[in-house]
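Student: I'd like to ask you about the structure that follows.
The values are calculated or read from the model by the stated rules, or taken from the named source; none is laboratory data. Values in this document were obtained by computation on a predicted structure and should not be read as measured data. For neighbour counting, all protein chains shown are included, and Cβ atoms are generated from backbone atoms with ideal geometry for every residue, glycine included.
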Amino acid sequence: MGFVIRVLVNAAAILLAAHVVPGIHVRSLTTALVAGLVLGLVNAIVRPVLVVLTLPLTLLTLGLFLLVLNALCLWLTSVVVAGFTVQGFWAAFLGALLISVVSWILTAFVSDAGRVRDYRR
């Protein structure tokens, strides 16, 4: 259930990025859902390999290079998913930044089991 929630959160963040960031376009809601799924898979499989390979550069830039890796993962998703386009580095960079922030905020309220967390305790 948690995986489905994360895909939906990614799709919502991608739709928001498409409306806010010039250079990011999503053809339909279905395309956003597929892009959310692919972005989740890219972040789970490809991104850890890239983080390990670029560790010296990440350390040298005090972690800021991870933002570039996020942009690369978003661009890679746009290459794989038809109907989802990211035009240029800055669109990918700003879109990845926005998607990361929105995903972080939304998943802060949802547990891995898919339930809304109760912070009143």
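Student: Looking at the stretch 34-49 only, could you name the residues that are surrounded by fewer than 16 Cβ atoms within 10 Å (Cβ to Cβ) and more than 20 Å from V101 (Cβ to Cβ)?
Tutor: Once the filter is applied, which keeps residues that are surrounded by fewer than 16 Cβ atoms within 10 Å (Cβ to Cβ) and more than 20 Å from V101 (Cβ to Cβ), the stretch 34-49 yields L41, I45, V46, P48, V49.
Student: Another question, then. Which one of the conditions (1) at pLDDT below 95; (2) in contact with a Phe, Trp or Tyr (Cβ under 7 Å, 6 or more places away or on another chain) does V86 fail to meet, given that it meets all the rest?
Tutor: If we test V86 against (1) at pLDDT below 95; (2) in contact with a Phe, Trp or Tyr (Cβ under 7 Å, 6 or more places away or on another chain), just (1) comes out false.
Student: Condition check: touching a helix residue (DSSP H, G or I) at 6+ places or on another chain (Cβ under 8 Å) and either modelled with pLDDT of 95 or more or buried (at least 16 other Cβ atoms within 10 Å of the Cβ) (or both). Does L60 satisfy that?
Tutor: On the way: touching a helix residue (DSSP H, G or I) at 6+ places or on another chain (Cβ under 8 Å): no; either modelled with pLDDT of 95 or more or buried (at least 16 other Cβ atoms within 10 Å of the Cβ) (or both): yes.
Spelling it out, it is not the case that L60 is touching a helix residue (DSSP H, G or I) at 6+ places or on another chain (Cβ under 8 Å) and either modelled with pLDDT of 95 or more or buried (at least 16 other Cβ atoms within 10 Å of the Cβ) (or both).
Student: Just to be sure I understand, how many residues within the stretch 6-33 are crowded, with 16+ Cβ neighbours inside 10 Å and either in contact with a His (Cβ under 7 Å, 6 or more places away or on another chain) or polar (S, T, N, Q) (or both)?
Tutor: 3
Student: While we're on this one: Out of (1) without any contact (Cβ under 8 Å) to a residue 60 or more places away in the chain; (2) in contact with a helix residue (DSSP H, G or I) (Cβ under 7 Å, 6 or more places away or on another chain); (3) more than 19 Å from S103 (Cβ to Cβ), the odd one out for L76 is which?
Tutor: Answer for L76: the failing condition is (3).
Student: Taking the stretch 90-121 as the region of interest, how many residues are modelled with pLDDT under 95, over 21 Å from P48 (Cβ atoms), surrounded by fewer than 18 Cβ atoms within 10 Å (Cβ to Cβ) and hydrophobic (A, V, I, L, M, F, W, C)?
Tutor: Looking only at that region, the number is 7.
Condition check ((1) of a type in the set (D, E); (2) within 18 Å of A71 (Cα to Cα); (3) modelled with pLDDT of 95 or more; (4) in contact with a helix residue (DSSP H, G or I) (Cβ under 7 Å, 6 or more places away or on another chain)) across all residues:
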residue	(1), (2), (3), (4)
M1	no, no, no, no
V9	no, yes, no, yes
A17	no, yes, yes, yes
V20	no, yes, yes, yes
V26	no, yes, yes, yes
N43	no, yes, no, yes
V52	no, yes, yes, no
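Student: Another one. Among G36, G63, G83, which is touching a His at 6+ places or on another chain (Cβ under 9 Å) and without any contact (Cβ under 8 Å) to a residue 60 or more places away in the chain?
Tutor: Matching residue, one of G36, G63, G83: G83.
Student: Hey, among the residues in the stretch 80-89 that are outside any helix (DSSP H, G or I) and of a type in the set (A, V, I, L, M), which one's surrounded by the fewest Cβ atoms within 10 Å (Cβ to Cβ)?
Tutor: A82
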